[in-house]
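**Q** The structure follows.
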Amino acid sequence: MKKLGIDTGGTFTDLIGVDSNGRVRSAKVLSSPEDPTLAISRGIQDFDGVEQIVHGTTVATNALLERRGAKSALIVNEGFEDILMLRRQARPQLYGLQQVEPEHVVPRSLVRGVAGRLDEEGREVSPLDLVALKAFVGEFQAEGVESVAICLLHAYANPAHELAARETLKACGLEIPISLSHEVHSAFREYERASTTAINAYVQPKMQGYLERIEELAASVEIMQSNGGVTEPEYAGKFPVNTLLSGPAGGVVGAQYAAEELGIRSFLTLDIGGTSTDVSLVQGTPSLRELMEIDSLAIAVPSLDIHTVGAGGGSIAWVDEGGALRVGPRSAGSTPGPVVFGRGGKEITLTDAHVFLGRIEVEKLEARGIAVDVESMAHEMQALADRLRMRPHEVAEGIIRIANSVMGRALKVVSVSRGIDVSGLALIAFGGGGGLHMCELAEELGIGTCVLPAHSEVLSAWGLFQAGRVSVSRQTLLQELDQGLVDTLKARVTGEFTELELLLRYRGQGFELEVSVEDLSAISAVELERRFKRRHGREYGYEGQGIIECVGYRVISRSPADTKPLIRTSVGSEGASFWMPEGWGARESHGHVVMERQ
């Protein structure tokens, strides 16, 4: 077994590989949140001769969500010290008078302003104050700072001040990781650039230590990025902010592989794991987005367009103050896990509800080495039913319906809310719980075809195994849309690329829309205007009028992995739990199970 795809989840760590005869082998082991490498080491023992690991990791994500990153400082231009606190004017609760948002990863006490300024074209207005920078070194050392982020004005146009700042800090003996904004996110918009750079610095030390341990497990290691492509540990350690959607990205890549085998071009993905559900819309090629939020913090990195909600197999059922049944977002994880896992869990989860109703066979859990405790699960289900004054089976069914409601809303966010007609799409479901919910969710959305891919329970790991390289170069370019812009692009964008996306908007708008260009040599300003207006109409319901301007562009290059023919030893339903209501039929194709409404 030379190559393994390994996906670390909140409850299980999935492994899959192909042996020298082209046969696929997979395994699931309980995750070890305290140190994910422990579960990976246990899982690798089931495979002989592992030489290469392709890994989807949640280390950076968990460090951010749990606020267990490094003690970090931020250096900005003088007068911009409050940038992380001010954020944007958008309010999560429009009419809330006393809104409290999570603190950023860098406290205000560790933000330093330095004199010096570049203008929007990168020309120096005033020199950088190197003396002040030298003074910061002693302050950071006294505070025990473990990493530093530097975000100076217009560094995307000219990185000279940021480079000089890093050189000065290092020359004064500051031997800790330093993140520069023009290297992390080379684009305008100060808050997003500062936030992303600060988060990169915050998770960097923990990620670097983790990757060092992972590299001890195999001769070659690659890490999945949020953009759906793999990279070397050195790059992932320097820019860990690019791995925040590492695991979910592997699932989208795996679904794309299955869809291509079945001749499906447009589909929704439904990845139900132990702690969350990840959904995405794919129309041809998985789309990239530049801005996302995690725990209300802005992160601007190229990422697959994945939406996540806190509903998974380990999501805990509870009763709110009004006496209503709720599910999630709190999860039992792998420790203690669902009550039926027999690891000391006392709170009923979505998995317990499925086992109680017979949708998950106990034998399948025992086959994974889980010490099943049905008696304790039934006892806790009865206790929850007593609190709700309901029958146990009614509670179990209610838990599933509530989870379906959360998952259904997530699917609508990436499709219906964007004006997409989902009736012609397929729903590709995977993860431990994907097969248990897909048909009911498809009925709710009016989708007539569901796919349970081969090795669906470990499809994210399979996507890692199949992933190639994806390179995304983001450049700022502020110019009106005319033939001059086209000429500028032709001069700037040289060499081969897979995709070119222009970021266009009407002058005065706050945000832009992506417009794809397949052949730069054949495009015209008139055609770009037509495409932009059509995209604007699709997104906002009207085409609009006015001067159109470009604010930047993305050059995307993709190269597939070097994969060989394989022999599947199972189809999608084997080893996976799934639920098919009445009115559905199933057939097998290319090792995948295709379910269709009759």
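Throughout, read-outs are computed from the coordinates displayed, never taken from laboratory work. The model shown is predicted, which means the values in this text are computed figures rather than measured ones. Heads up, the Cβs are rebuilt from the backbone with ideal geometry, glycines too, and the neighbour counts pull from every protein chain shown.
**Q** Report the relative contact order of the chain, percent, no decimals, based on alpha-carbon pairs under 8 angstrom and at least 6 residues apart.
**A** Details: 1330 pairs, mean separation 85.5, N = 598.
That works out to 14 percent.
**Q** A further question on this structure: Along its principal axes, what span do the Cα atoms of region 155-220 show, with the longest given first and each in whole Å?
**A** The Cα atoms of region 155-220 stretch 41, 29, 19 Å along the principal axes, largest first.
**Q** Another one. What residues have an amide H closer than 5 Å to that of residue 315, excluding those fewer than 5 places away on the same chain, when H is modeled at 1.01 Å from N in the peptide plane?
**A** Hits under the 5 Å cutoff: 332, 350, 351.
**Q** Kirkwood hydrodynamic radius of region 203-309 from all distinct Cα pairs, in Å? List each step's numbers first, then the result.
**A** Working: mean 1/r = 0.0676 Å⁻¹.
Result for region 203-309, one decimal place: 14.8 Å.
**Q** Let me ask you something else. How many nm is it between the label spots at residue 416 and residue 289, if each spot is 7 Å from the Cα in line with the beta carbon?
**A** 1.8
**Q** Student exercise: in the chain, how many lysine pairs 8 or more apart or on different chains have Cα atoms under 23 Å apart?
**A** 15
**Q** Right, next: Which shape class, rounded, prolate or oblate, goes with region 334-490 when its Cα gyration tensor gives a ≥ b ≥ c as root eigenvalues, a/c under 1.5 marks rounded, and past that a/b bigger than b/c marks prolate?
**A** Prolate, because a/c is 1.5 or more and a/b exceeds b/c.
**Q** So, one more: Run the numbers for residue 67 and residue 471: contour at 0.36 nm per residue of separation, minus the present Cα-Cα distance, in nm.
**A** Working it through step by step, the gained length comes to 142.5 nm.
**Q** Which ³J(HN,Hα) values, rounded to whole Hz and listed in residue order, are derived for region 221-228 from phi using the Karplus coefficients 6.51, -1.76 and 1.60 in 6.51 cos²θ - 1.76 cosθ + 1.60 with θ = phi - 60°, glycine and proline given as x?
**A** 10, 10, 10, 6, 9, 5, 7, x
**Q** In addition: Can you list residues whose amide H is under 5 Å from residue 32's amide H, if they're 5+ apart or on another chain and H is modeled 1.01 Å from N?
**A** For residue 32, the qualifying residues are 39.
**Q** Please give the calculated 222 nm ellipticity per residue for the chain, where each DSSP H segment of at least 4 residues contributes -39500 (n - 2.57) and the sum is spread over every residue; nearest 500 deg cm²/dmol?
**A** Helices in the chain give a 222 nm mean residue ellipticity of -10000 deg cm²/dmol.
**Q** Contact order normalised by length for region 352-396, with contacts defined as Cα pairs under 8 Å and 6 or more residues apart; what percent is it?
**A** Values: 25 pairs, mean separation 17.9, N = 45.
It comes to 40 percent, rounded to a whole number.
**Q** Which of the three applies to region 71-176, rounded, prolate or oblate, going by the alpha-carbon gyration tensor with a ≥ b ≥ c and a/c under 1.5 meaning rounded? Write out the running numbers ahead of the final one.
**A** Details: a/c = 2.75, a/b = 1.39, b/c = 1.97.
It is oblate, given that a/c is not under 1.5 and a/b is not larger than b/c.
**Q** Right, something else. Using the 10 angstrom Cβ neighbour count as an exposure proxy, how do 151, 550 rank, fewest first?
**A** 550, 151
**Q** Would you please give the residues with an amide H less than 5 Å from that of residue 373, counting only those at least 5 places away or on a separate chain, with H modeled from the backbone geometry?
**A** 341, 342
**Q** Taking DSSP loops as anything outside H, G, I, E and B, show the longest stretch in the chain free of chymotrypsin sites (Phe, Trp or Tyr not before Pro) there with at most 13 other beta carbons within 10 Å.
**A** Answer - 96-510.
**Q** Separate question: Using R₀ = 25 Å, calculate the FRET efficiency as 1/(1 + (r/R₀)^6) where r is the Cβ-Cβ separation of residue 129 and residue 103; round to 0.05.
**A** 0.35
**Q** Got the relative contact order for region 71-176 handy, in percent, Cα pairs under 8 Å and 6 or more residues apart?
**A** 36
**Q** Please list 3J(HN,Hα) in residue order for region 321-335, calculated via the Karplus relation 6.51 cos²θ - 1.76 cosθ + 1.60 where θ = phi - 60°; whole Hz, with x for glycine and proline.
**A** 5, x, x, 8, 6, 10, 9, x, x, 5, 10, 7, x, 8, 9
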